[in-house]
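What follows is a single structure, written as C-alpha cells, with notes after it.
The values are calculated or read from the model by the stated rules, or taken from the named source; none is laboratory data. Quantities reported herein were computed from a predicted structural model and do not represent experimental measurements. Note: ideal-geometry Cβ built from the backbone for every residue, glycine included; neighbour counts use all protein chains shown. Areas reflect the complete protein model, heavy atoms only, side chains present, ligands, DNA and RNA absent. Shrake-Rupley method; radii C 1.70, N 1.55, O 1.52, S 1.80 Å.
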Amino acid sequence: IAPGQPGPADARAFALGAAAWLALASLTAAIACGLQRSTGPLPWWLAAPVLAVLLKPMLAWRMLHDEVVAVEAALSQSLPAGRERLARLVSRDVQALEAVQVRESAIESLAENLNDSVVAPLFWFAVAGLP
C-alpha cells in the first residue's frame, strides 16, 4: 500500500494506509471481542485465568526487566559495552555517559516504558475489556 516514493500530497496513499489500519484494527477488536465473549459462559474462577492468558501478550515487563539487567551485565564488563547495550533502550547519544549515568538512564527507560508496557494495558483492560 505504501508508495515507493511518497510525495507531500499523496492523498491516495494516505487513504489506503488509513483504510488498511482501520481494517486491521477492526479485525483485532472483533477477534478480541469474540474471545472475551467466549469466556462469558464460564464460571468466574475459570474465566479470570483465561482472560489473564489472553491479556498476557500485551504485557512486556519481562522484556523490559531483561534489557535493564543486560545493561548492568554489559556495564560490569566495560563502560563501552554498557553504553552500547543502553543505546538499544534510549534514543539519545550515550557516548558521553559515565557508568552511573548509564545505570540511571536504564532505570529511567524502564520507568518510562512501564506505563506503555504494563500500566496502560491493565488500565484499558479494566475500562473496556480485552478489545
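Taking all protein chains in place and a 1.4 Å probe, what share, in percent, of the accessible surface of the chain do carbon and sulfur account for?
66 percent
Residue 125 accessible area, nearest 10 Å², 1.4 Å probe?
Solvent-accessible area, nearest 10 Å²: 60 Å².
Express the accessible area of the chain per residue in Å², computed with a 1.4 Å probe while the remaining protein chains stay in the model.
70 Å²
Can you give the helix-only mean residue ellipticity at 222 nm for the chain, where every DSSP H stretch with n ≥ 4 adds -39500 (n - 2.57) and the sum goes over all residues, rounded to the nearest 500 deg cm²/dmol?
Result for the chain, helices only: -22500 deg cm²/dmol.
Report the gain in length on full extension from residue 32 to residue 53: 0.36 nm times residue separation, minus Cα-Cα distance, nm rounded to one decimal.
Length gained between residue 32 and residue 53: 6.3 nm.
Mean Kyte-Doolittle of at least -1.0 plus a Cα span of 15 Å or more along the axis: flag which DSSP H helices in the chain meet both, please.
Sorted by number, the helices that extend far enough and score high enough are 11-38, 44-55, 61-77, 99-114.
Which one is right for this structure if log10 I(q)/I(0) by the Debye sum over Cα atoms at q = 0.10, 0.22 Å⁻¹ is calculated from it: (1) -0.53, -1.26; (2) -0.46, -1.23; (3) -0.58, -1.10?
(3)
Looking at the stretch 87-129, which trypsin sites (Lys or Arg not before Pro) are in a loop (DSSP not H, G, I, E or B) and have at most 15 other Cβ atoms within 10 Å?
Counting only loop positions with at most 15 other Cβ atoms within 10 Å, the trypsin sites (Lys or Arg not before Pro) in the stretch 87-129 are 88, 92.
I'd like the accessible area for residue 107: 1.4 Å probe, protein heavy atoms, all chains in place, Å² to the nearest 10.
100 Å²
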